[in-house]
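What follows is a single structure, written as structure tokens, with notes after it.
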Amino acid sequence: MKIAYIGASGEVGKRATAELVARGHQVTGISTHPDDIPKIEGLTAKAGDINDTDTLVPLLRGHDVVISSVQFVKYDHDKLIEAVKASGVPRYFVCGGSGTLLAPGTQTRIMDLPTFPAAAAGSASNAARFFGRLQEEKDLDWTYLSPPPPPGFAPGERTGKYRLGKDEMLVGPDGKPGISYEDYAIAIADEIDNRKHSGRFTVGY
């Protein structure tokens, strides 16, 4: 497939674009820092700004899938969604936030728990607002992948093993949520290759 990846210079983006290219996809990596995008065959780096819709839309047009993996606090949610829609790309995949995941066995978002780190409240709020904005869309085919919350979501080992969930946070055998960036990248590519979800899903060990 032809895949446009917004945020290709980020820690997740670098790993995910490499995984997608290794599977034979043609990837356009889009970033405000294109020089930081890895120089590998099959990955074309392009400069693009989410807040500049006029230039972003042409970069997206002609691809089979748009993936975004960026910090929610840094851009205008409406502009990004409108750019994806205006591009005519039929599928939109979001590397989302973890705050809206439900605590195991409850209907309470983990961002609403008293134990949720205050330092993460701002970013969680922005991610939640973006997730809510997507849920209002009737004419956009979107998928939103929520990772486990930090510190369990971090660089680590590429094992190729993970579990799938829907709206409830997954907890590993050690009682903690987590997945490496490397295995999260595999989960992204697996979903692109063999679609199993519409709307939101999550992954974890």
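The values are calculated or read from the model by the stated rules, or taken from the named source; none is laboratory data. Just so it is clear, the model here is predicted, and its values are computed rather than measured. Heads up, the Cβs are rebuilt from the backbone with ideal geometry, glycines too, and the neighbour counts pull from every protein chain shown.
Scan the range 1-44 residue by residue and report those that are closer than 17 Å to Y181 by Cα and of a type in the set (A, V, I, L, M, F, W, C).
Residues satisfying the conditions are I6, A8, V12, A16, A18, L20, V21, A22, I37.
When residues of the range 161-205 are filtered for being farther than 19 Å from G7 by Cβ and aliphatic (A, V, I, L, M), how many remain?
Counting residues in the range 161-205 that are farther than 19 Å from G7 by Cβ and aliphatic (A, V, I, L, M) gives 4.
Output the residues belonging to the range 186-202 that are in a loop (DSSP other than H, G, I, E, B), surrounded by 14 or more Cβ atoms within 10 Å (Cβ to Cβ) and free of Cβ contacts under 8 Å to residues at least 40 places away in the same chain.
Scanning the range 186-202 gives no hits.
Looking only at residues that are of a type outside the set (A, V, I, L, M, F, W, C) and out of contact with any strand residue (DSSP E or B) (no Cβ under 9 Å at 6 or more places or on another chain) in the range 16-48, which one is surrounded by the most Cβ atoms within 10 Å (Cβ to Cβ)? Walk me through it before giving the result.
Step one: of the range 16-48, the residues of a type outside the set (A, V, I, L, M, F, W, C) are 17, 19, 23-26, 28-29, 31-36, 38-39, 41-42, 44, 46, 48.
Applying the additional criterion that residues be out of contact with any strand residue (DSSP E or B) (no Cβ under 9 Å at 6 or more places or on another chain) yields 19, 23-24, 41.
Working: E19: 21, R23: 15, G24: 9, E41: 6.
Among those residues, the one meeting the criterion is E19.
Within the range 102-113, can one find any residue that is touching a helix residue (DSSP H, G or I) at 6+ places or on another chain (Cβ under 6 Å), surrounded by 14 or more Cβ atoms within 10 Å (Cβ to Cβ), at pLDDT 95 or above and part of a loop (DSSP other than H, G, I, E, B)?
Yes, there is a match, as at least one residue in the range 102-113 is touching a helix residue (DSSP H, G or I) at 6+ places or on another chain (Cβ under 6 Å), surrounded by 14 or more Cβ atoms within 10 Å (Cβ to Cβ), at pLDDT 95 or above and part of a loop (DSSP other than H, G, I, E, B).
Mind listing whichever residues of the range 171-185 are more than 15 Å from the chain's Cα centre (by Cα) and either surrounded by 20 or more Cβ atoms within 10 Å (Cβ to Cβ) or among the hydroxyl-bearing types (S, T, Y) (or both)?
Within the range 171-185, P177, G178 qualify.
Mind listing whichever residues of the range 57-75 are part of a helix (DSSP H, G or I) and either of a type outside the set (F, W, Y) or loosely packed, with under 14 Cβ neighbours inside 10 Å (or both)?
Within the range 57-75, V57, P58, L59, L60, V73, K74 meet the criteria.
Mind checking whether some residue in the range 172-180 is modelled with pLDDT of 95 or more and within 22 Å of V65 (Cβ to Cβ)?
Yes.
If you scan the range 147-170, which residues turn out to be closer than 21 Å to D112 by Cα, assigned to a loop (DSSP other than H, G, I, E, B) and out of contact with any Phe, Trp or Tyr (no Cβ under 9 Å at 6 or more places or on another chain)?
Hits for the range 147-170 are P150, P151, M169.
Do we find that F116 is at pLDDT 95 or above and touching a Gly at 6+ places or on another chain (Cβ under 8 Å) in this structure?
no
From D78, D49, D54, which residue is part of a loop (DSSP other than H, G, I, E, B) and of a type in the set (D, E)?
D49
Count, please, the residues in the range 37-55 that happen to be within 23 Å of V21 (Cα to Cα) and of a type in the set (S, T, Y).
1
Give all pairs with beta carbons closer than 6 Å in which a residue from the range 74-98 that is modelled with pLDDT under 95 meets a residue that is basic (K, R) and assigned to a helix (DSSP H, G or I); count only pairs at least 6 apart in sequence or on separate chains.
Once the first residue is modelled with pLDDT under 95 and sits in the range 74-98, its partners that are basic (K, R) and assigned to a helix (DSSP H, G or I) give H77/R133.
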